[in-house]
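The block underneath contains the structure these notes are about, expressed in structure tokens.
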Amino acid sequence: MEIVFIAAAIILGSGALATGIGFALLGGKLLESTARQPELAPQLQTKTFIMAGLLDAVPMIGVGIAMYLIFVVAG
Amino acid sequence: MNSSRKPIVRLPMARWLAIMVGMLMIQSLLWLLCGWVAFYSAWLGGLIFVIPNAYFTHRVFKHQGARLAPYMVNELFKGEAIKFSLTAVMFAAVFLLIEPVHVLALLFTFAVMVVTGAVVPWLVKPQQQR
């Protein structure tokens, strides 16, 4: 039974870590690009939002599977 | 900040929501072939995606313009953290409080909605007003 919780923890932890790294890079690049060309800020914001949606797609599915493991398989 | 000013980017929220809810309805109706439980499980799976994502979109576009870019990045991080937590809490609530649940319908619909949600902003892009 404990192995299920460990698996869920690994899924959630890796998903959160990967999303954190991805969002840090994305946010950093947005700030850098906006400082270089402030007139492009609205376009860059839109592109950042679109990329954010793509970035957290897989970790979100991971969250769903981890919750399934915790509350259905182990519960 | 610039809340009293006219927004620079106009979000097609109504069209996004219409596409998402349309996709959700189609999938839920397809799952209805497997029974009533599969229908509402699929509907819940879609809502678990749509509600946190709508909140995230609201937070990301709270601040606009080059001067407010640091605030926007701050809201991006906070919005993502809350979206992640809200998704986990909603999944936990569904698995704990709703009985019975068709798990395959719930997770499959959620996964399809996640992919749809990532693709929809490419198809219907936000428009700049200046």
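The label point for B:R15 and the one for B:R67, both projected 7 Å from the Cα toward the Cβ, are 3.0 nm apart. When a 1.4 Å probe is rolled over the protein heavy atoms, the share of accessible surface on chain A that falls to carbon and sulfur comes to 74 percent.
On the beta carbon distance between B:I26 and A:A9, with R0 = 35 Å, the FRET formula returns roughly 0.50. Taking 19 Å as the straight-line reach from the Cα of B:K125, the lysines in range (excluding those fewer than 8 positions away in the same chain) are A:K47, B:K6, B:K62. Taking the longest Cα principal axis of chain A as reference, the axis of helix A:41-55 is set at about 20 degrees.
Applying 1/(1 + (r/R0)^6) with R0 = 41 Å to the Cβ-Cβ distance of B:C34 and B:K125 gives a FRET efficiency near 0.70. For the protein assembly as shown, the Cβ-based charge dipole about the Cα centre amounts to some 1040 debye (Lys, Arg positive; Asp, Glu negative; other atoms uncharged). Structural descriptor for segment B:13-119: relative contact order 39 percent, calculated from alpha carbon pairs under 8 angstrom and at least 6 residues apart. The helix-only estimate of mean residue ellipticity at 222 nm for chain A, built from DSSP H runs of length n ≥ 4 each weighted as -39500 (n - 2.57), is -28500 deg cm²/dmol after division by the residue total. Reported value for the protein assembly as shown: 108 Å³ per residue, from the convex hull of its C-alpha atoms. Placing +1 on the Cβ of every Lys and Arg and -1 on the Cβ of every Asp and Glu, with nothing else charged, gives chain B a dipole about its Cα centre of roughly 860 debye. Heavy atoms of chains A and B lose about 3100 Å² of accessible surface on contact, summed over both sides with a 1.4 Å probe. Orientation-averaged projection of segment B:13-119 equals 6.9 nm² [convex hull of Cα atoms, one quarter of hull surface area]. Hydrophobic long helices, here whole DSSP H runs in chain B with Kyte-Doolittle means of at least 1.0 and Cα atoms spread over 24 Å or more along the helix axis, are found at B:13-31, B:69-97, B:103-123.
By accessible area, using a 1.4 Å probe on protein heavy atoms only, chain B has 70% of its surface on carbon and sulfur. Listed peptides B:38-46, B:82-90 appear in the order B:38-46, B:82-90 once ranked by packing, highest mean of other Cβ atoms within 10 Å at the front. At a probe radius of 1.4 angstrom, the accessible area of segment B:13-119 per residue rounds to 47 square angstrom.
The values are calculated or read from the model by the stated rules, or taken from the named source; none is laboratory data. Here the structure is a predicted model, which is why all the values come from computation and not from measurement. Backbone-built Cβ (ideal geometry, glycine too); neighbour counts: all protein chains shown. Accessible surface is based on the protein model in full, side chains and every heavy atom, while ligands, DNA and RNA are left aside. Shrake-Rupley method; radii C 1.70, N 1.55, O 1.52, S 1.80 Å.
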